[in-house]
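Here is the structure we will look at, set down as structure tokens.
The values are calculated or read from the model by the stated rules, or taken from the named source; none is laboratory data. In this text, all values refer to a predicted model and were calculated from it rather than measured experimentally. Here the Cβ positions follow ideal geometry from the backbone for every residue, glycine too, while neighbour counts run over all protein chains shown. Please note that ligands, DNA and RNA were not included when accessible areas were found on the heavy atoms of the full protein model with its side chains. Shrake-Rupley method; radii C 1.70, N 1.55, O 1.52, S 1.80 Å.
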Amino acid sequence: MGLVRENNEDALLIHQPQLFAVADGMGGCVAGEVASRGAIKAFEVAVFELLQEQRRDMEQILREAMLRANEHICRMAQQNRDFSGMGTTLTAVFLASDRTAYVCHMGDSRLYLFRNQVLSQVTHDHSYVAGLVEQGKITDQEAFNHPQRHMLLQAVGMEEAGEAEIIHFALEADDILLLCSDGLTDMIKHQEIEAILKAAAPEQAADNLLEQALANGGLDNISLILLAKDTEKEESYSGQENIK
């Protein structure tokens with residue numbers, strides 16, 4: 001957890017060498033923790049069940065897995081009054097053998113791509129404030145401090161959550177991928193994350209990101225996975241996990 005929250009509502013999935021995900025739960029009492037962990041597990045199980053069925057469309061597999069995770073969380077909330085209204089973000093990346101990254105996303109956790117010393121946000125925040133930025137009504141700086149920045153329009157556990165965002169792109173040799181919850185991005189701006197990734201090797205950069213987020217206040221649970229090419233295994237990526 002961060003420096004303020006007593007319980008950790010984040011969950012991480014590291015299923016090497018292919019599937020990685022982060023989830024950030026919401027809800028009263030322990031419901032957020034239940035939602036994030038339940039969604040991550042349901043999503044993981046669904047992905048590998050569907051892969052065993054030899055369904056070749058990876059985007060459809062991820063879309064179906066997210067749907068099953070959403071149904072699982074909705075069902076849990078219906079069966080237990082203490083879990084009513086719970087939900088979670090879920091952002092996942094599947095690294096295929098042909099060096100394609102497939103991304104499945106719902107909520108405001110994020111996937112970043114660090115390529116050629118430039119950081120880009122791959123996913124789109126499904127939030128009220130992100131919509132204001134897209135409409136040109138507020139700036140990125142205003143969004144960073146906006147009091148409603150955590151108001152989600154889509155999340156796993158919403159009965160009308162809509163379809164997950166699905167993205168795919170080809171990986172290049174020196175790409176670094178960063179999966180993180182908003183506990184990181186609420187504390188560190190885009191330019192600061194980029195500077196930290198430029199200044200250190202991935203394993204050290206992961207620690208530096210966590211330390212900087214805590215130094216800036218650590219107001220929420222901070223979770224991240226940093227993925228970089230494993231130079232000893234030409235076709236695989238290795239993950240560096242940090243959660244506090």
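Structure notes:
- Among the residues making up region 43-89, those that are of a type in the set (Ser, Thr, Tyr) and at pLDDT 95 or above are Thr88, Thr89.
- Failed item in (1) open to solvent by 50 Å² or more (accessible area, probe 1.4 Å); (2) touching a residue at least 40 places away in the same chain (Cβ under 8 Å), with Glu49 passing the rest: (2)
- Scanning region 150-184 for residues being open to solvent by 30 Å² or more (accessible area, probe 1.4 Å), in a loop (DSSP other than H, G, I, E, B) and among the acidic types (Asp, Glu) gives a total of 5.
- Contact map, region 176-193: residues that are within 13 Å of Ser109 (Cα to Cα) and in contact (Cβ under 8 Å) with a residue 24 or more places away in the chain paired with residues that are in a strand (DSSP E or B) and of a type in the set (Asp, Glu), Cβ distance under 7 Å, separation 6+ or inter-chain. Pairs shown: Ser181/Asp10; Ser181/Asp24; Asp182/Asp24; Gly183/Asp10.
- Residue match in region 103-122 (condition: of a type in the set (S, T, N, Q) and either more than 27 Å from Phe169 (Cβ to Cβ) or free of Cβ contacts under 8 Å to residues at least 60 places away in the same chain (or both)): yes
- Picking from residues in region 185-234 that are closer than 16 Å to Thr89 by Cβ and crowded, with 22+ Cβ neighbours inside 10 Å, the one that is modelled with the lowest pLDDT is Asp220.
- Of all residues in region 144-164, those satisfying the criterion of being small (Gly, Ala, Ser) and over 23 Å from Leu177 (Cβ atoms) are Gly157, Ala161, Gly162.
- Which numbered condition Ile243 misses (of (1) surrounded by 21 or more Cβ atoms within 10 Å (Cβ to Cβ); (2) at pLDDT below 95): (1)
- Residues of region 87-122 classified as hydroxyl-bearing (Ser, Thr, Tyr) and either out of contact with any His (no Cβ under 9 Å at 6 or more places or on another chain) or open to solvent by 10 Å² or more (accessible area, probe 1.4 Å) (or both), total: 6
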